[in-house]
1. Quick test for you: out of Asn138, Asn199, Asn132, pick the one residue that is of a type outside the set (A, V, I, L, M) and in contact with a strand residue (DSSP E or B) (Cβ under 8 Å, 6 or more places away or on another chain).
2. Does Ser220 satisfy being surrounded by 19 or more Cβ atoms within 10 Å (Cβ to Cβ), in a helix (DSSP H, G or I) and more than 17 Å from the chain's Cα centre (by Cα)?
3. Tell me whether region 93-101 contains one or more residues that are in contact (Cβ under 8 Å) with a residue 40 or more places away in the chain and either within 20 Å of Thr17 (Cα to Cα) or more than 19 Å from the chain's Cα centre (by Cα) (or both).
4. What residue, of Glu91, Glu106, Glu97, is assigned to a loop (DSSP other than H, G, I, E, B) and of a type outside the set (Ser, Thr, Tyr)?
5. Since Ser19 meets every condition but one in (1) at pLDDT 95 or above; (2) within 16 Å of Leu129 (Cβ to Cβ); (3) not acidic (Asp, Glu), which condition does it not meet?
6. Filter region 104-130 down to the residues that are aliphatic (A, V, I, L, M) and over 13 Å from the mean Cα position of the chain (by Cα), then identify the one that is nearest to Gly59 (Cα to Cα).
7. Given the condition free of Cβ contacts under 8 Å to residues at least 24 places away in the same chain, farther than 20 Å from Leu126 by Cα and outside any helix (DSSP H, G or I), answer yes or no: does some residue in region 174-185 qualify?
8. Looking at (1) surrounded by 12 or more Cβ atoms within 10 Å (Cβ to Cβ); (2) touching a residue at least 12 places away in the same chain (Cβ under 8 Å); (3) outside any loop (DSSP other than H, G, I, E, B), which one does Gln225 not meet, given that it meets all the others?
Amino acid sequence: MANIISIINNKGGTGKTTSVLNLGAALTKKRKRVLLVDLDSQCNLTSAFGAETPEIGVGDLLVGSATLDDVMIKNGKLSLIPSSEKLLDFEFQLNNEPGREYMLREQLDKVANDFDFILIDCPPSLGTLSINSMVAANHFIVPMQAENFAFIGLDRIMLISEKVKKRMNPDLDLAGILFVKLDPRTKFSQAVIQSLSENQNFKGKLFNTYIRQDISLMESGAFKQSVYDYAPNSRGADDYNDLAKEILKIYG
């Protein structure tokens, strides 16, 4: 049975797509079967996976006009349910569906035994698609940068997740907060990390692994590759490998 993890932050540019792609690739290097799900209409994960923007994607799947076999793209142990430019139209359509928050869960339940991990790349909002990801997931990860506005939106994410856990998915838990694009040498970064680690609401919920600043992570996505294909000896590759090991230690 797959461990389903939503990678979520309602702030853009926090490394959600980079983390989904490269954590997924790192897990496959450890012989895990991984499915990636692109819930962002910008289709960045789909592009970084190396797939052309498809005619049909996750939106068609959610409204029932396509099947998993129709939309899934496979590459060895790493598979993808892609997004398409029509996803926002499908989200609007979903808003009129009874039980709209359960649409993704219903589809992923069909393939949960075929994968070890399912990683969901969420849009930079807390709308219907992001709620779907939380209802489907066992855990969620919040990637964030150690910067002035790092905490903006974090309280709202936790409030929404608590409501989802209470009303729709009692299995949902915070896997951890992941610092990305980090320069651990700066005093400001150290202060942000210390402040969050001392917050009673997040005790034990910060990953020990930090994703350091590394141009290879940005370039690899632009060249439609994981960092392991583009720069396997880079800091980014090392960091996501360490994150994969940390997650496997906790969740198996």
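The values are calculated or read from the model by the stated rules, or taken from the named source; none is laboratory data. None of the values given here were measured: they were computed from a predicted structure. Cβ coordinates were reconstructed from backbone atoms using ideal geometry, including for glycine residues, and neighbour counts include every protein chain displayed.
1. On the way: Asn199 fails: in contact with a strand residue (DSSP E or B) (Cβ under 8 Å, 6 or more places away or on another chain); Asn132 fails: in contact with a strand residue (DSSP E or B) (Cβ under 8 Å, 6 or more places away or on another chain).
Going through Asn138, Asn199, Asn132 in turn, just one is of a type outside the set (A, V, I, L, M) and in contact with a strand residue (DSSP E or B) (Cβ under 8 Å, 6 or more places away or on another chain): Asn138.
2. yes
3. no
4. Glu97
5. (2)
6. Narrowing region 104-130 to residues aliphatic (A, V, I, L, M): 104, 108, 111-112, 118-120, 126, 129.
From what's left, over 13 Å from the mean Cα position of the chain (by Cα): 104, 108, 111-112, 126.
Values: Leu104: 10, Leu108: 14, Val111: 17, Ala112: 19, Leu126: 17 Å.
Of everything passing the filter in region 104-130, Leu104 is nearest to Gly59 (Cα to Cα).
7. yes
8. The number of the failed condition is (3).
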